[in-house]
Amino acid sequence: MTEQVVSLAWRWTAETSSDGAYRFCGIRVTAPPGEIGDPDAWAVVGLVQGAIDDMLKKLALQPVLHAAAGMGVATLFADLHAWHSEGLRPAFAAADANPRSYFALPEATELFDAEEAYLVRSGAAGARLLWCDYATKEVREVAVGFDACLAGWRAVRDAIGQDGRAVIKSR
């Protein structure tokens, strides 16, 4: 794993429908060396905001996962995938742990269909962001600031409430 913490960038676009009845948005996360999210996917803003709120609540409850610190990215990703999608609890997970507290994308929206990313708290401030690149199917990983990642998602949640497009970077 790369020890240097990287800054993430969230690219968002939001537009009101021509009849003014709905608001839609698109979101992509750039994490060198790749991107998470479909540039052509759109979803209803209110649903995305609710999904981000739900994801943030679950991530905030995540304990530091010391046991996973020495695990290789492919093994850790595979264990988290099996736990998240099939309910197969990995040995490092506490009995009361929730697999959704590691999922790093808002669920139940079209924006990240068929994409997976996990945020694993690795210390008081640091985390490992793991994802499977949609195009190459390679598992990728970067070191990020845990709180910075959550703050980035909160900023996107607030920003998509208005029409426009921008990039929000984590610090």
Mean Cβ count within 10 Å, highest first, over the residues of peptides 66-79, 44-57: 44-57, 66-79
Distance (nanometres) between label positions extended 7 Å along Cα→Cβ at Thr136 and Lys169: 2.3
Gap separating the Cα centres of the stretch 55-124 and the stretch 1-49, nearest whole Å: 20
Of all accessible heavy-atom area on the chain, the percent that carbon and sulfur account for (1.4 Å): 52
Fluctuation leader among Gly26, Gly34, Gly145 - the chain, Gaussian network, Cα springs under 10 angstrom: Gly34
Helix-only CD estimate at 222 nm, as mean residue ellipticity for the chain, using -39500 (n - 2.57) per DSSP H run (n ≥ 4): -8500 deg cm²/dmol
Max mean-square fluctuation residue, GNM over the chain, Cα-Cα springs under 10 Å, options Asp19, Asp158, Asp40: Asp19
For the chain, projected area of the alpha-carbon convex hull averaged over all directions, nm²: 9.5
q = 0.20, 0.32, 0.33 Å⁻¹, the stretch 1-48: log10 I(q)/I(0) [Debye, one scatterer per Cα]: -0.70, -1.17, -1.21
Loop-resident sites, the stretch 42-115, for GluC sites (Glu not before Pro), counting at most 15 other Cβ within 10 Å (DSSP): Glu107
Candidate aspartates and glutamates - alpha carbon under 12 Å from Lys58, same-chain residues fewer than 8 apart omitted: Glu107
Convex hull per residue volume in Å³, alpha carbons only, for the stretch 74-171: 130
Per-pair calculated FRET efficiency, R0 = 25 Å: Ala108 and Ala21 via Cβ, rounded to 0.05: 0.75
Sequence ranges 132-140, 148-156, ranked by mean other-Cβ count within 10 angstrom, highest first: 148-156, 132-140
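The values are calculated or read from the model by the stated rules, or taken from the named source; none is laboratory data. Bear in mind the structure is a predicted one, so any value in this text is a computation, not a measurement. Because the Cβ atoms are built from the backbone with ideal geometry, glycine has one as well, and the counts that use them run over all protein chains shown. We work out accessible area using only protein heavy atoms, side chains counted, and drop any ligands, DNA or RNA first. Shrake-Rupley method; radii C 1.70, N 1.55, O 1.52, S 1.80 Å.
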